[in-house]
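Notes to accompany the following structure.
The values are calculated or read from the model by the stated rules, or taken from the named source; none is laboratory data. Remember, predicted model here, so these are calculated numbers, not experimental data. Please note: Cβ atoms are built from the backbone with ideal geometry, for glycine as well, and neighbour counts cover all protein chains shown.
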Amino acid sequence: MNKRPNRDQLNGLSLSQLRTLLKRRGHKVPRKIYYSGYVTQFRNRLYRFRWWTDKNFVVDISCPLSDFDRWANSCDETVSFDTWRQR
């Protein structure tokens, strides 16, 4: 798995543009987002941005942080990046 996705994998966005989009929406974005597994925090939930699935670019939304165990058990919703962007 490549740690840094290319523009095709991120729906035409560069990694810098993705970080800017996330920050403007109020997400806490780590300085080197690719080291954290593309996980951000927003309103007491974690958001994992992943492109390495067969579904293209998707966003996993966790349960509230107080109930979070690990992604396999704590993922409330998985939506496509385009759907997440329209919210």
| request: Select from segment 47-69 the residues that are in contact with a strand residue (DSSP E or B) (Cβ under 8 Å, 6 or more places away or on another chain) and under 23 Å from Arg7 (Cα atoms) and list them in ascending order. | output: Tyr47, Arg48, Phe49, Arg50, Trp51, Lys55, Asn56, Phe57, Val58, Val59, Asp60, Ile61
| remark: Filtering segment 45-56 for residues that are under 20 Å from Gly26 (Cα atoms) and modelled with pLDDT under 95 leaves a count of 3
| said: Can you find a residue that is under 16 Å from Leu15 (Cβ atoms), under 14 Å from the mean Cα position of the chain (by Cα) and either touching a residue at least 60 places away in the same chain (Cβ under 8 Å) or surrounded by 12 or more Cβ atoms within 10 Å (Cβ to Cβ) (or both) anywhere in segment 55-66? | reply: yes
| Filter segment 67-84 for residues that are of a type outside the set (S, T, N, Q) and either touching a residue at least 60 places away in the same chain (Cβ under 8 Å) or surrounded by 14 or more Cβ atoms within 10 Å (Cβ to Cβ) (or both); which is farthest from Ser14 (Cα to Cα)? | Phe68
| said: Return the pair list, or none, for Cβ contacts closer than 7 Å from residues in segment 1-30 that are over 17 Å from Asp82 (Cβ atoms) and loosely packed, with under 15 Cβ neighbours inside 10 Å to residues that are modelled with pLDDT under 95 and of a type in the set (Phe, Trp, Tyr), at least 6 apart or on different chains. | reply: Met1/Trp52; Lys3/Tyr34; Arg4/Tyr34
